Amino acid sequence: MRTISTVADIREVINTEKQNGKTVGFVATMGNLHAGHISLVTQMREQADIVITSIFINPLQFSPTEDFDSYPKTLDRDLEKLQTAGNDFVFTPSLKEIYPDQKSSKTLVNVAALDGILCGKSRPEHLTGVATIVAKLFNIITPDYAIFGLKDYQQYMVIKQMAADLCMPVKVIGAPIIRAENGLALSSRNGYLSTAELEVAPRLNQVLNYVKQTIIDGETDFREIEKQTLMIINESGFKADYFEIRTQENLKVATNTDHKLAIFVAAYLGKTRLIDNVRFELDAK
Ligand code: PAF
């Protein structure tokens, strides 16, 4: 496995691989890798001839009050895990290499149709920051395939839409959420949770599954379910940000005539913001 830090060098390596007829699979990360990230590398291994993982903490997707400066940096351990997973190249650019203007970019990519809702509502610059860095990384890496975890389902949708709308020749793949045995979706931010908070955190997934089952069992007043569930989440020790039932295909507010549903939750546990979702299909009636 090789670690490369400049755009010029990674381009050279990729050109050589492509000239040799190899397909390129890409995993974008901000480091502090856990089993969820490693599952992305493993899946890419099956799909593409070479796998490139980027580690770059993207300032553009953090608001000034968020954890950009304290975001966990564990490069040595990350590299070991990537090596074990059979990753080929790691791209670890500096901030200056990606944003010559440091923490800003004169060009921003905004997938307007999927922003302003869910995480885009409470984190107004976040998805533009994500789309902008992923567009840049796609232009640098020119992957044939890129894979993103479905825990960040809205992020996955934004990236898929961006790639389609901007005619980027990459197949964007969504990968299943990896969970701890107690149901908690793996996230780098789980490392912020205290022992007591770690006991409470799996409740989010339990609530999602409970609501999913009530809908499967025939509950149809989605707005009432959302209202009641927000209260349950707050009573369980979280500070809820949102709990919403939407359509899987375009993230529209779902009603009981929709079949492909997704339930999204975001909630603070202490200072840590957790997100999760479940997606399911109702049988056509
Ligand atoms: O999901 C993440 O870790 C980040 O949002 C991503 C896709 C690497 C962009 O910085």
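Worth a mention:
- One residue stands out in the range 38-54 among those that are touching a residue at least 60 places away in the same chain (Cβ under 8 Å), among the hydrophobic types (A, V, I, L, M, F, W, C) and not in a helix (DSSP H, G or I): the one that is surrounded by the most Cβ atoms within 10 Å (Cβ to Cβ), namely ILE52.
- Scan of the range 164-173 for residues that are over 14 Å from GLY25 (Cβ atoms) and either polar (S, T, N, Q) or buried (at least 16 other Cβ atoms within 10 Å of the Cβ) (or both), ordered by number: MET168
- Here SER94 does not fit the description of being away from the ligand (no atom under 13 Å from the Cβ) and over 25 Å from ASP9 (Cβ atoms).
- Number of the exception - VAL90 against (1) surrounded by fewer than 21 Cβ atoms within 10 Å (Cβ to Cβ); (2) over 24 Å from SER63 (Cβ atoms): (1)
- Subset of the range 36-53 [over 14 Å from the mean Cα position of the chain (by Cα) and either within 15 Å of the ligand (Cβ to nearest atom) or not small (Gly, Ala, Ser) (or both)]: VAL41, THR42, GLN43, MET44, ARG45, GLU46, GLN47, ASP49, ILE50, VAL51, ILE52, THR53
- Residue match in the range 21-34 (condition: in contact with a strand residue (DSSP E or B) (Cβ under 6 Å, 6 or more places away or on another chain), among the aliphatic types (A, V, I, L, M), outside any helix (DSSP H, G or I) and within 16 Å of the ligand (Cβ to nearest atom)): yes
- Any hit, the range 55-64, residues being among the hydroxyl-bearing types (Ser, Thr, Tyr), closer than 12 Å to SER188 by Cβ, out of contact with any Leu (no Cβ under 6 Å at 6 or more places or on another chain) and in a loop (DSSP other than H, G, I, E, B): no
- Just one of the listed residues (ALA135, ALA146, ALA163, ALA131) is assigned to a helix (DSSP H, G or I), touching a Phe, Trp or Tyr at 6+ places or on another chain (Cβ under 8 Å), among the hydrophobic types (A, V, I, L, M, F, W, C) and within 14 Å of the ligand (Cβ to nearest atom), namely ALA163.
- Identity of the residue in the range 86-104, touching a Ser or Thr at 6+ places or on another chain (Cβ under 7 Å) and in a loop (DSSP other than H, G, I, E, B), that ends up farthest from THR29 (Cα to Cα): TYR99
- LEU108 passes every criterion in (1) within 15 Å of the ligand (Cβ to nearest atom); (2) without any contact (Cβ under 8 Å) to a residue 60 or more places away in the chain; (3) within 15 Å of the chain's Cα centre (by Cα) apart from (3).
- Selection from the range 149-160 of residues that are more than 9 Å from the ligand (Cβ to nearest atom) and either crowded, with 23+ Cβ neighbours inside 10 Å or closer than 15 Å to THR107 by Cα (or both): TYR153, GLN154, MET157, VAL158
- For GLU97, the criteria (1) touching a residue at least 40 places away in the same chain (Cβ under 8 Å); (2) more than 20 Å from ARG123 (Cβ to Cβ); (3) crowded, with 20+ Cβ neighbours inside 10 Å hold in every case but one, which is (3).
- Residues in the range 258-275 that are in a strand (DSSP E or B), out of contact with any Asp or Glu (no Cβ under 6 Å at 6 or more places or on another chain) and free of Cβ contacts under 8 Å to residues at least 60 places away in the same chain were compared, and the one that is farthest from ARG189 (Cα to Cα) is LEU261.
- Among residues of the range 105-121, those that are outside any loop (DSSP other than H, G, I, E, B), surrounded by fewer than 20 Cβ atoms within 10 Å (Cβ to Cβ) and touching a helix residue (DSSP H, G or I) at 6+ places or on another chain (Cβ under 6 Å), counted: 0
- Restricting attention to the range 180-202 and to residues that are in a helix (DSSP H, G or I) and within 16 Å of the ligand (Cβ to nearest atom), the residue that is nearest to LEU33 (Cα to Cα) turns out to be SER188.
Every number here is computed from the coordinates shown, using simple stated rules; none is lab data. Note that this is a predicted model, so its numbers are computed, not measured. Backbone-built Cβ (ideal geometry, glycine too); neighbour counts: all protein chains shown.
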